[in-house]
Amino acid sequence: SPTSMRAIRARYDPYLQTRHRVEQLKQLGHSVDKVEFIVMGGTFMALPEDYRDYFIRNLHDALSGHTSNNVAEAVRYSERSNTKCVGITIETRPDYCLKRHLSDMLGYGCTRLEIGVQSVYEDVARDTNRGHTVRAVCESFHLAKDAGFKVVAHMMPDLPNVGMERDVEQFIEFFENPAFRPDGLKLYPTLVIRGTGLYELWKTGRYKSYTPSALVDLVARILALVPPWTRVYRVQRDIPMPLVSSGVEHGNLRELALARMKDMGTECRDVRTREVGIQEIHHKVRPYQVELIRRDYVANSGWETFLSYEDPEQDILIGLLRLRRCSPQSFRPELKGGVSIVRELHVYGSVVPVSSRDPSKFQHQGFGMMLMEEAERIARDEHGSCKLAVISGVGTRNYYRKMGYELEGPYMVKDLYRPGAD
């Protein structure tokens, strides 16, 4: 991938990778005021602690220009940097998603986890030597969400001995069973890579991957199941070929699947399909038609509320907020004793809300503020929480300070005063 090639050119030096990329974007005419890091490829948390600290410290230092002695110092300077770190995503596995790993990642300024799940079937996880059980997957989702992380699952349809119907069924289970219900999804259909056990199975005809048409069908059926609070981050670009040995036409799998869905009369209502594009903001959004929409669901022993500002008629999403009432088992001291947490706040572009009803009220308030106010109200009046915490990108902390939040551990926190409570 281009990212891997850039990493190799920079000799995997995190500082140089970051500086080079920021400079390159500036030369292309982008203003680089916000940066999101994704630490991918391999299990970062399995590396030695001193190397991880060095790596994360350098990511933050590359933005702030400060030379830090440790992660905590790097994060402090990164908070004030002109180029803001709005989030860090770390790829991990259920066995590197235990409390100590989660606490380390909170210290790094990490806000989103990508967890390699691959399959929700115990027998499949066993056959593919994943080394973790399905129970470990549920456990890692629970711990991660209770610490405020967004959870993106990597799923791999078309593994051996599963078959189309069972592949579809596992996604129904994945989205409907409260023990799973990820915030996001990456779909990577199985790739047969030379030199693997799967390659041997494929060569001898014991493993047959789906035909391209069946794969497009499968992805179309999966996308139709995705709930409106889940974001499909990516579908593997190309139709996977056993090493391109069956000479099939390439194409963007997501686009092919969406086209197939049109024919089938189904639609994909995930976050990404509906989020407003930067270009569309000015000509598509009709601020007068925008409504606050609320969807509540249970996931991983917690009450989740997905709040969004949408134009329901066009099915366009302008901003979203994920609020969770932490389950009593939350292991973070900051989140014990009746605390709710905002796990994500994202507003697309700078749409200025208009209210015909009370023009004075909304004038100086963006959708982000309005979403936060509603989250505070739900946390206070419905959850009965005494505090609202936010997992915030390091560079976004000052935004929350302006709203009366202060840093407590890795979280931005605000006390909620309930009328009638002392």
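The values are calculated or read from the model by the stated rules, or taken from the named source; none is laboratory data. All values derive from a computational prediction rather than experimental measurement. All Cβ positions, glycine included, derive from the backbone under ideal geometry; neighbour counts span all protein chains shown.
Overview of values
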{"read-out": "Residue list for the range 381-418, filter: surrounded by fewer than 22 Cβ atoms within 10 Å (Cβ to Cβ), in contact with a Gly (Cβ under 6 Å, 6 or more places away or on another chain) and of a type in the set (A, V, I, L, M, F, W, C)", "value": "Cys386"}
{"read-out": "Residues of the range 381-415 classified as assigned to a loop (DSSP other than H, G, I, E, B) and either within 20 Å of Ser103 (Cβ to Cβ) or in the same structural domain as Arg80 (by TED's automatic domain parsing) (or both), total", "value": "5"}
{"read-out": "Single residue of Gly109, Gly65 found to be at positive phi and over 20 Å from the mean Cα position of the chain (by Cα)", "value": "Gly65"}
{"read-out": "Per-region count, the range 30-69, residues in contact with a His (Cβ under 9 Å, 6 or more places away or on another chain) and in a loop (DSSP other than H, G, I, E, B)", "value": "2"}
{"read-out": "Pair list, Cβ < 7 Å and 6+ apart or interchain, from the range 17-42 residues that are not assigned by TED's automatic domain parsing to the domain that holds Gly87 to residues that are surrounded by 11 or more Cβ atoms within 10 Å (Cβ to Cβ)", "value": "none"}
{"read-out": "Check on Ala144, surrounded by 20 or more Cβ atoms within 10 Å (Cβ to Cβ), of a type in the set (A, V, I, L, M), at pLDDT below 95 and out of contact with any Pro (no Cβ under 7 Å at 6 or more places or on another chain)", "value": "no"}
{"read-out": "Meets criteria (β-branched (Val, Ile, Thr) and surrounded by 21 or more Cβ atoms within 10 Å (Cβ to Cβ)) for Ile293", "value": "no"}
{"read-out": "Candidates Gly302, Gly265, Gly337, filtered to the one that is surrounded by 14 or more Cβ atoms within 10 Å (Cβ to Cβ), at pLDDT 85 or above and over 26 Å from Met156 (Cβ atoms)", "value": "Gly302"}
{"read-out": "Scope the range 57-80; condition under 17 Å from Leu16 (Cα atoms) and polar (S, T, N, Q); matching residues", "value": "Asn58, Ser64, Thr67, Ser68, Ser78"}
{"read-out": "Matching residues, the range 404-420, being modelled with pLDDT of 95 or more and either within 17 Å of Gly368 (Cβ to Cβ) or over 21 Å from the mean Cα position of the chain (by Cα) (or both)", "value": "Gly404, Tyr405, Glu406, Leu407, Glu408, Gly409, Met412, Val413, Lys414, Asp415, Leu416"}
{"read-out": "Enumeration of residues in the range 147-165 that are at pLDDT 90 or above and out of contact with any strand residue (DSSP E or B) (no Cβ under 7 Å at 6 or more places or on another chain)", "value": "Ala147"}
